[in-house]
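The values are calculated or read from the model by the stated rules, or taken from the named source; none is laboratory data. Note that the structure is predicted; figures quoted are calculated from it, not measured. Glycine gets a Cβ as well: all are built from the backbone with ideal geometry, and neighbour counts include every protein chain shown. To get the accessible areas, we keep the full protein, side chains included, count just its heavy atoms, and leave off ligands, DNA and RNA. Shrake-Rupley method; radii C 1.70, N 1.55, O 1.52, S 1.80 Å.
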Amino acid sequence: MTLAVIISLILMSAIKIVMTCLPTFSVDWLISKFEIHSKLSDSNSKVTIDGKSLKGEGKIQVINDFNEAVFLKKYYIYPGSENLFLHPENGGTPIIIDTKRGKKDVRIFIYSYKDRVYVVKRFKKKIAAYSLLSDSLQNRSNLLSEGIVLSSF
């Protein structure tokens, strides 16, 4: 009995020391596991619009705009309604981002509206949907007409 108490005290003390020595690493790791709107890197992401791949400045601009967007709301997806989220009415042509998160392949569909940006994230057999607020992604048609995105195809 005494030996079990001493061993548990030693283990708890070791865990406490490790958690206080590495707070930023452990907190960042724990937060990243449950984060919905995770940041993307341009090195392992592929951005396509209407079947055409973006490269260079246009790709970096879209990824930076996505990373800087403000999270608004998460939507619950009822079983059987996944197709409605992947192909919303009046959604237009989505921006599709293929990336890796750890070992998982993730496909992100971005639909632009006047008041919000609608994001559907598909990984393995799971789907997550949420909305963002981003002026530059909401005005994607302005980027296309200015030739910023089209010049990088």
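Okay, here's what the table says:
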item: Qualifying residue in the range 72-89 (condition: aromatic (Phe, Trp, Tyr), more than 17 Å from the chain's Cα centre (by Cα), within 30 Å of ASP115 (Cβ to Cβ) and open to solvent by 70 Å² or more (accessible area, probe 1.4 Å)); result: yes
item: Identity of the residue in the range 23-42, small (Gly, Ala, Ser) and surrounded by 12 or more Cβ atoms within 10 Å (Cβ to Cβ), that ends up nearest to ARG122 (Cα to Cα); result: SER38
item: Where a residue in the range 1-12 is in contact (Cβ under 8 Å) with a residue 12 or more places away in the chain and its partner, wherever it lies, is hydroxyl-bearing (Ser, Thr, Tyr), with Cβ under 9 Å and at least six apart; result: none
item: Exclusive hit being touching a helix residue (DSSP H, G or I) at 6+ places or on another chain (Cβ under 8 Å) and either assigned to a strand (DSSP E or B) or farther than 17 Å from PHE123 by Cα (or both), set VAL106, VAL47, VAL5; result: VAL47
item: Enumeration of residues in the range 59-71 that are aliphatic (A, V, I, L, M) and either within 15 Å of PRO94 (Cα to Cα) or open to solvent by 40 Å² or more (accessible area, probe 1.4 Å) (or both); result: ILE60, VAL62, ILE63, VAL70
item: ILE97 being buried (at least 17 other Cβ atoms within 10 Å of the Cβ) and touching a residue at least 60 places away in the same chain (Cβ under 8 Å); result: no
item: Residue match in the range 103-113 (condition: open to solvent by 40 Å² or more (accessible area, probe 1.4 Å) and farther than 17 Å from ASN44 by Cβ); result: yes
item: Condition met for LEU137 (surrounded by 15 or more Cβ atoms within 10 Å (Cβ to Cβ), modelled with pLDDT under 50 and not in a loop (DSSP other than H, G, I, E, B)); result: no
item: Residues of the range 43-58 satisfying the condition of being under 17 Å from SER112 (Cβ atoms) and either hydroxyl-bearing (Ser, Thr, Tyr) or surrounded by 12 or more Cβ atoms within 10 Å (Cβ to Cβ) (or both); result: VAL47, THR48, ILE49, LYS52, LEU54, GLY58
